[in-house]
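The values are calculated or read from the model by the stated rules, or taken from the named source; none is laboratory data. These numbers come from a predicted model, not from an experiment. Neighbour counts are summed over all protein chains in view; Cβ atoms, including those assigned to glycine, are modelled from backbone coordinates with ideal geometry. Please note that ligands, DNA and RNA were not included when accessible areas were found on the heavy atoms of the full protein model with its side chains. Shrake-Rupley method; radii C 1.70, N 1.55, O 1.52, S 1.80 Å.
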Amino acid sequence: MASGRDQDVEETVAAISDGQGTLLDVVKALGEYLTSEEDALRTKGVEFMSAVLSGCPPERFNRQSVKVLVSFLCGQLEDPETVVPALKGLLSLTYLPTFTSGDAVDVFDAILAHVKMKSLVQSQRFIVTIALKGISKRFVPGYISLVNGEKDPRNLVLCFGIDRVLLLEFDVKDHIEDFFNITFCYFPITFRPPPDDPYGITTDDLKNALRKTADTPGLVKDVCHECLDLLKEPEKSQAKPAVKTLCAFLSTTGPVSTYTLAKAVPLLTALFHNPDEASNRTPTLTLLTELVKAARDSAPESESEVKLAQFKDDLLGIMTVGLKNESSCTTALEGLKALVTTKGLMSNDELGYTVHNVNEIIPLEWANTEEIIDSTLDLLSTVSTRSPMHVEGTTLPLLFSTLPDRAPPREAASERAKCWQTLAFLSKLCKQPSLFETLVVRLTTKLDLICGSTAHSQEDIEPSAAYAHSILLTLRNVLKDKVDLGHLDVAKYLDRLATGLHMVASEPRLLKTAGEIITLVVQVIPTPKQQSFLDSLIKAYLHGNAKILALGSLKIPDDQVFQPLEPSAPSLQKNMIVLFSAAIIALHKDVALPVADTSQFLQQLYVWSVHHSETLLQREAAWYSIASVTNKRCDDAAQFLTACQEQIWPSDIAVADRPVVRRRLSISAWTWVTKALATRGHPSAEGFVDRLFEVFDDTDINWDAARALGGIVAADDILTKYNHAVIRILFAQRYCNRLLPQIVEGAKGAANGRQQVAYLVALTSLIKTVPKTTYVSEMPTLIPLLLRGLQLRDPDIRANVISTLHSATDTDPNGSSIIAEHIGTLVSAMLENSKIEEMPSVRVRVAALKYLGLLPKSVRYDKLHPYKSTVLKELSNILDDPKRAVRKEAVDARSNWFTCSG
């Protein structure tokens, strides 16, 4: 029988087909061949059997016989000699109706386990591939039957993923309708996860998985038609998921994207223009905008053809119409932005047309909502990045025309609000170089007029000062954005801004903002130009040559000497030191002070700040200059540093009979000098720090000295990389590692109560200003000390302590166990600091309540249980606190304690 001749195979197949024999008879007859130890005989036996299987009619195979044959032939795959004939037999079985999905899995597993493709020739590998293909034909319908009707979201996410793979990788052309039925029956997704869902399956997970399945080539056309039917009713909830599905199609292949747009855009365009659907124009416009965005975002960088080109005119017309209606204005603005940002779509004239239409809605009263204003600014800013000429030529003149030359009076609230809104528009629009130049010219001219009209007037100057301040803030905000963006045109405004604002900002309230503008400009100019500018400043401030500063309509009278650092200088001139300091702190370290002796100049500033300045604004400006120069040019300041140690400390700080106010001011100045040295890691910083411990026994200034220890490494806006300060990496960590053990030891074992309190103040100040990683390992030791800090009368210290405890409890995995050891004391302290009778500071009350609310989330319930009833009772009383912020935190804390249980 196993001769292998075709005649033998045909006779055997005929006998089985006529009922004269069975497959079992064939197996029995082949027994010695199938089990022979000779390779050639085994191969012939399996080949003959496979040939018979391929010729037998399907009705001669029942389920049991197929199962046995699959098992037998899979076993033959283990034999290298019978792999090919066994695969041929399995291939024949895959076409039988009695071949199930389970059989397909068994065959697939056997092929993976036993077939070594690299050892087979091409013709044999081809048989393996054909076998796998045959398996898929039985697997797909079985899978469809298996998952049909699935409802559990956990399974559906997986099923959608499998559907996508089958549609992309398997031969499913005969099952497209079945796949459509088992996937799109879930559209739209209405699943809402239950509260505290442990499985984490979200609505978006299901939507995204279904959307990825829908955009496979086999389903696109059917799904697209279904979605288009849903878009015909844009006001209904199903339209949004439908358009999102269509948007997903746009990111697939070019033909699919083109087909989708060709069907969806004309449909929505016709719907928008249909008079019977006028009430649905806004939702229709929303759907169109989503499609435009998707078409823009899905376009490859290398693609020259613009998908939306053929629809551009219709879309631009629809967006323009929607722009003029309040209900659809925001959507239309978003759609216009999507058109503008589509590469290669809009011409320059069309950009101008867009800006013209947007300008028409700016003056309208209904367009003054926050949402419309933000969208308008966003669109105009986008246009200005591509073609600023349109905004410069039409929008800016419209906006500037609404800014008066004089400030609106106090009672003109609506006019004042209009000015603020216009300035907000300008600050968003004028970042591009050409637009910023117009802004600077127009606003500095406006400042000149405003300040000039009130310089010698006896009228109420408050409206003018507020108006001028808003203009300065606008300039500052735009400059800050330009510096962050790296715009190179900022440097050219040195004369107009850094110099011109000296005379405009004559009001104290304007000085801080004007100083920030000067700092921003000086930061970005090159070193040679900084040096030249500094030369002029020194001539003005130290030698009285102020003509360089007298730009605009305000001039320094010829009979008035400009010497702001003189003790007898008028307050107005002393205020100008703020602008001088604003330039000093932004200098590069290579810029040298053009003075005879840098140390002498620094000592002059130090003495002036402590003895002759009149306001905190003046003093801080001087300290900033001292710190900046000391940090960047400490070698030039060597004599000044020696004078601080040998003269200033002994005479101004250490001597108890000096006025307390002066001693405290000296400590503040000392802090900034020390800060400058510590930031750059200078060796002499330690000596300056150690001096502060010497006055911990002096009740007049020990708290000031203790706070200074934290202030030395506190973050600031002066000694920064933007201001070109010299900063040593990890200087704050090194500082903390050196001081923390000393401060902790002093807080625990100082000689007297005054020193212990000072050490506690130093501890709270230091911990607040350094990274948590520098002290987290010391928390078991620190917590008892921090609890003592909660007994100090200073609200700032208490707030700092609570903030530190909050950080330790919230972020440290070991913090909760440490906190649990002191839970009773902590609960009592927080409740006390939450009561308005005990703690007037709102900041402390809020911090204490936040911490109370955190405890149930961080500490085991068995530790909290003894205090639960007390906390709930006390928090009920705090719900009557007059401050809303306190009441809110009390409600949250009470809810957390009420719901916590074992």
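Calculated mean residue ellipticity at 222 nm for the chain: -21000 deg cm²/dmol, from DSSP H runs with n ≥ 4 weighted as -39500 (n - 2.57), summed, divided by the residue count and rounded to 500. Its Cα gyration tensor gives segment 810-869 an equivalent ellipsoid, and the semi-axes of that ellipsoid, as √(5λ) in whole Å with the largest first, are 21, 13, 9. In segment 304-421, how does Rg compare with the Kirkwood Rh, expressed as the Rg/Rh ratio over alpha carbon atoms? Value, to two decimals: 1.04. At a probe radius of 1.4 angstrom, the accessible area of segment 639-782 per residue rounds to 42 square angstrom.
Using C-alpha pairs under 8 Å with a sequence gap of at least 6, the mean separation divided by the residue count of segment 792-902 gives a relative contact order of 27 percent.
Taking the Kirkwood radius as Rh and the Cα radius of gyration as Rg, segment 792-902 has a ratio of Rg/Rh equal to 0.94. Pairs spanning more than 30 Å between alpha-carbon atoms, out of K482/K512; K244/K418; K446/K480; K263/K324: K244/K418.
Shown in residue order for segment 614-619 are the 3J(HN,Hα) couplings computed by the Karplus curve 6.51 cos²θ - 1.76 cosθ + 1.60 at θ = phi - 60°: 10, 9, 5, 4, 5, 4 Hz (x for Gly and Pro). Once the mean of 1/r is taken over each pair of separate Cα atoms and inverted, segment 598-770 shows a Kirkwood hydrodynamic radius of 16.1 Å.
Take the Cβ atoms of V660 and S237, set R0 to 51 Å, and the FRET efficiency comes out at 0.10. Listed values for segment 388-403 are Karplus-derived 3J(HN,Hα) couplings in whole Hz (6.51 cos²θ - 1.76 cosθ + 1.60, θ = phi - 60°), namely x, 4, 5, 5, 5, x, 10, 6, 4, x, 4, 6, 5, 5, 8, 8, and x replaces Gly and Pro. For D378 and A714, FRET efficiency with R0 = 41 Å and r from the beta-carbon atoms, rounded to 0.05? Using R0 = 41 Å, I get an efficiency of 0.65. Between T642 and Q742, the FRET efficiency estimated from the beta carbon spacing at R0 = 25 angstrom works out to 0.50. Normalising the average separation of contacting C-alpha pairs (under 8 angstrom, six or more residues apart) by the number of residues puts the relative contact order of segment 740-869 at 20 percent. So what's the angle, to the nearest 10 degrees on a 0 to 90 scale, between helix 153-169 and the longest Cα principal axis of the chain? Computed tilt is about 60 degrees.
Here each label is just a point 7 Å from Cα along the line to Cβ, and for W366 and E305 those points are 4.1 nm apart.
Before anything else, pin down the relative contact order of segment 598-770: Cα pairs under 8 Å, at least 6 apart, normalised by residue count, whole percent. RCO, segment 598-770: 22 percent. Taking label points 7 Å from Cα along the Cα-to-Cβ direction, A113 and A262 give a separation of 5.1 nm. Couplings for segment 878-894, taken from phi via the Karplus curve 6.51 cos²θ - 1.76 cosθ + 1.60 with θ = phi - 60°, read 6, 4, 8, 4, x, 9, 4, 4, 5, 4, 4, 5, 5, 4, 5, 5, 5 Hz in order; Gly and Pro are left as x. Hey, any idea what % of the chain's accessible area is carbon plus sulfur with a 1.4 Å probe? Ligands and nucleic acids excluded, carbon and sulfur give 51 percent.
Between K492 and S571, the modelled label-to-label distance comes to 4.1 nm, taking each label 7 Å out from Cα in the direction of the beta carbon. Rounded to the nearest 10 degrees, the inclination of helix 779-789 to the longest alpha-carbon principal axis of the chain is 40 degrees.
In whole percents, the pair-distance distribution calculated for segment 701-779 from its alpha-carbon pairs, binned every 5 Å from zero, is 3, 15, 24, 23, 16, 10, 5, 2, 1.
Expressed as an acute angle from 0 to 90° and rounded to the nearest 10, what is the orientation of the C-alpha long axis of helix 413-429 relative to the principal long axis of the chain? It works out to around 60 degrees. Rounded to the nearest whole angstrom, the semi-axes of the ellipsoid equivalent to segment 387-437, taken from the Cα gyration tensor as √(5λ), stand at 25, 10, 8, largest first. The aspartates and glutamates within cross-link reach of K529, meaning a Cα-to-Cα straight distance under 13 Å and a gap of 8 or more places when in the same chain, are D495, D590. Where the alpha-carbon atoms of the chain are placed on the principal axes, they occupy 131, 74, 59 Å, in descending order. For the pair Q7 and T781 in one chain, pulling the backbone fully straight at 0.36 nm per residue adds 269.0 nm over the alpha carbon distance. So what is log10(I(q)/I(0)) for segment 31-89 at q = 0.18, 0.20, 0.26 1/Å, when the Debye sum runs over its Cα atoms only? Here the Debye-derived log intensity ratios amount to -0.59, -0.71, -1.09.
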